[in-house]
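Undergrad: Pasting a structure here, questions to come.
The values are calculated or read from the model by the stated rules, or taken from the named source; none is laboratory data. Predicted model, so just to flag it, every value in this text is computed and none were measured. Cβ coordinates were reconstructed from backbone atoms using ideal geometry, including for glycine residues, and neighbour counts include every protein chain displayed.
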Amino acid sequence: MKLSDSIGKEILTGSVGRITNRFKIHQRRYVLFFEDIIAEYVKACEEKGMGDDVAQICTQWMNLVTQVLTPTPLKKLPPVFFLNNVAKAGWNHIGVVEDFKVEEKDGAIKIRSKNEFVTRIIGKNSYDTGLIAGVFSSLWKHEMRCVKADKDGQWMEYVFEIQKKPMNPVKSKTKAEYDRLNYFPEYAGVGFKEALRTGFFRLGKSNRIYFRNKSVIMTENTQFHLFANRNVAIEKLPDISYRFFHSLVDKGSPDETKITLLKNILQSMGWGLVEARIERRDKITMEIKYPPHGLQNEKDNWGFITQVILGYMRLIDRKIKITKTKQAKNSLSIDFSV
């Protein structure tokens, strides 16, 4: 199914600050995020020697998603059948991968995937390897060891050996708690569907969404909480974010215009209801109501998106820094100053 069809049929819905996907599996809240920022962040982590941390977090994330958000009847299907017939349709639907095929033989699982997220930007990486390990370990209920990860043009081929050690369930929020925390009342304003209608976002080939010719990916947000809680090279994000937005935002536009654009980006991408104000020339305050909560049992931590926002704010002044952040149950407040 094309993404445009899903939007028209209300399988994928969006209001101000929220995106909900009802495709195939349980209804869940989604966010959009820029592919290039995630890919460059992964690259920076690997250059810092933290590739194993990235893989472990992605494995944990996929354990949580599979464990909590995948309906029990689907998890009871043979894993190869489920992946090749159900998961493939869902992942292709949101632009994560264009195609893949999974085979199991002699205690090993092989997967060939085409144009997978992150790999299509920076090549072979620990992020995608960790994602696959997490899905496989959850479905086969055993830990996995990657013994092959080779790139051939647009295709990646992985081989994972099924380990004897069983995979222990990951501590998490319940689905009911996750849904309750991610409850979001309706508000008027610029949101996902309005952004598509006006051309703020546009639909492109391979079920991808674009903002000013930059691809954004639809994703479940727990990964961002995990990276922030583990503090994995989070300090690299402001520079990555600044470089990314520098070519997309009119440098000569007024500060108020830049802030309004950021507000519309965040709300349209499902990060919550955003309010921002310039209190004086050297102080800007931003509040995000109803930011997305994660599946992890640990505290929610919006440090990842906070550092990305900081990078954008440095389009106003390269010396801008965060002087105060306050995280509450359903709000995130950030004070910036020069």
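Undergrad: Of all residues in segment 281-338 being touching an Asp or Glu at 6+ places or on another chain (Cβ under 7 Å) and of a type in the set (Ser, Thr, Tyr), which is farthest from ILE240 (Cα to Cα)?
TA: Here the answer is SER331.
Undergrad: Can you find even one residue in segment 219-229 that is of a type outside the set (D, E, K, R), in contact with a Leu (Cβ under 7 Å, 6 or more places away or on another chain) and in the same structural domain as LEU266 (by TED's automatic domain parsing)? I'd like the intermediate steps shown before the answer.
TA: Kept after step one, since they are of a type outside the set (D, E, K, R), are these residues of segment 219-229: 219, 221-229.
Of the ones still in play, those that are also in contact with a Leu (Cβ under 7 Å, 6 or more places away or on another chain) are 222.
Now drop any that are not in the same structural domain as LEU266 (by TED's automatic domain parsing), which leaves 222.
Yes, segment 219-229 contains a residue that is of a type outside the set (D, E, K, R), in contact with a Leu (Cβ under 7 Å, 6 or more places away or on another chain) and in the same structural domain as LEU266 (by TED's automatic domain parsing).
Undergrad: Test ASN21 against the criterion of being polar (S, T, N, Q), within 30 Å of LYS236 (Cβ to Cβ) and modelled with pLDDT of 90 or more, and give yes or no.
TA: Numbers: polar (S, T, N, Q): yes; within 30 Å of LYS236 (Cβ to Cβ): yes; modelled with pLDDT of 90 or more: no.
So ASN21 does not fit the description; no.
Undergrad: Hey, another quick one. Any residue at all in segment 206-228 that's small (Gly, Ala, Ser), surrounded by 13 or more Cβ atoms within 10 Å (Cβ to Cβ), more than 15 Å from the chain's Cα centre (by Cα) and modelled with pLDDT under 95?
TA: Quick first cut of segment 206-228, residues small (Gly, Ala, Ser) only: 206, 215, 228.
Going one step further and asking which of them are surrounded by 13 or more Cβ atoms within 10 Å (Cβ to Cβ), we end up with 206, 215, 228.
Next cut, more than 15 Å from the chain's Cα centre (by Cα) only: 206.
Subset that is modelled with pLDDT under 95: 206.
Yes, because at least one residue in segment 206-228 is small (Gly, Ala, Ser), surrounded by 13 or more Cβ atoms within 10 Å (Cβ to Cβ), more than 15 Å from the chain's Cα centre (by Cα) and modelled with pLDDT under 95.
Undergrad: Now for a different question. Quick check: is even one residue across segment 218-227 touching a helix residue (DSSP H, G or I) at 6+ places or on another chain (Cβ under 9 Å), outside any helix (DSSP H, G or I) and more than 27 Å from ASN301 (Cβ to Cβ)?
TA: no
Undergrad: Can you confirm whether PHE201 is touching a strand residue (DSSP E or B) at 6+ places or on another chain (Cβ under 9 Å) and within 30 Å of ASP282 (Cβ to Cβ)? Talk me through it step by step, then tell me what you get.
TA: Details: touching a strand residue (DSSP E or B) at 6+ places or on another chain (Cβ under 9 Å): yes; within 30 Å of ASP282 (Cβ to Cβ): no.
No; evaluated as a whole, the condition is false for this residue.
Undergrad: Any idea which of PHE100, PHE82, PHE136 is over 23 Å from VAL216 (Cα atoms) and surrounded by 22 or more Cβ atoms within 10 Å (Cβ to Cβ)? Write out each step before concluding.
TA: Numbers: PHE100 fails: over 23 Å from VAL216 (Cα atoms); PHE82 fails: surrounded by 22 or more Cβ atoms within 10 Å (Cβ to Cβ).
Unique residue meeting the criteria: PHE136.
Undergrad: Determine if segment 300-316 includes at least one residue that is surrounded by fewer than 17 Cβ atoms within 10 Å (Cβ to Cβ), assigned by TED's automatic domain parsing to the domain that holds PRO238 and without any contact (Cβ under 8 Å) to a residue 60 or more places away in the chain. Walk me through how you get there before you give the answer.
TA: Here is the first cut: in segment 300-316, the ones surrounded by fewer than 17 Cβ atoms within 10 Å (Cβ to Cβ) are none.
Scanning segment 300-316 turns up no residue that is surrounded by fewer than 17 Cβ atoms within 10 Å (Cβ to Cβ), assigned by TED's automatic domain parsing to the domain that holds PRO238 and without any contact (Cβ under 8 Å) to a residue 60 or more places away in the chain.
Residues checked against (1) in the same structural domain as ASN301 (by TED's automatic domain parsing); (2) without any contact (Cβ under 8 Å) to a residue 60 or more places away in the chain; (3) crowded, with 17+ Cβ neighbours inside 10 Å:
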{"site": "HIS93", "(1), (2), (3)": "no, no, yes"}
{"site": "GLY107", "(1), (2), (3)": "no, yes, no"}
{"site": "THR119", "(1), (2), (3)": "no, yes, yes"}
{"site": "TRP140", "(1), (2), (3)": "no, no, yes"}
{"site": "ARG145", "(1), (2), (3)": "no, yes, no"}
{"site": "TRP155", "(1), (2), (3)": "no, yes, no"}
{"site": "TYR158", "(1), (2), (3)": "no, yes, yes"}
{"site": "PHE192", "(1), (2), (3)": "yes, no, yes"}
{"site": "ARG197", "(1), (2), (3)": "yes, yes, no"}
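Undergrad: Let me ask something additional. Would you please list the contacts, defined by Cβ atoms under 7 Å and residues six or more apart or on different chains, that run from a residue in segment 171-185 that is assigned to a loop (DSSP other than H, G, I, E, B) to a residue that is of a type outside the set (Ser, Thr, Tyr) and loosely packed, with under 15 Cβ neighbours inside 10 Å?
TA: Pairs found: LYS171/ASN297; LYS173/ASN297.
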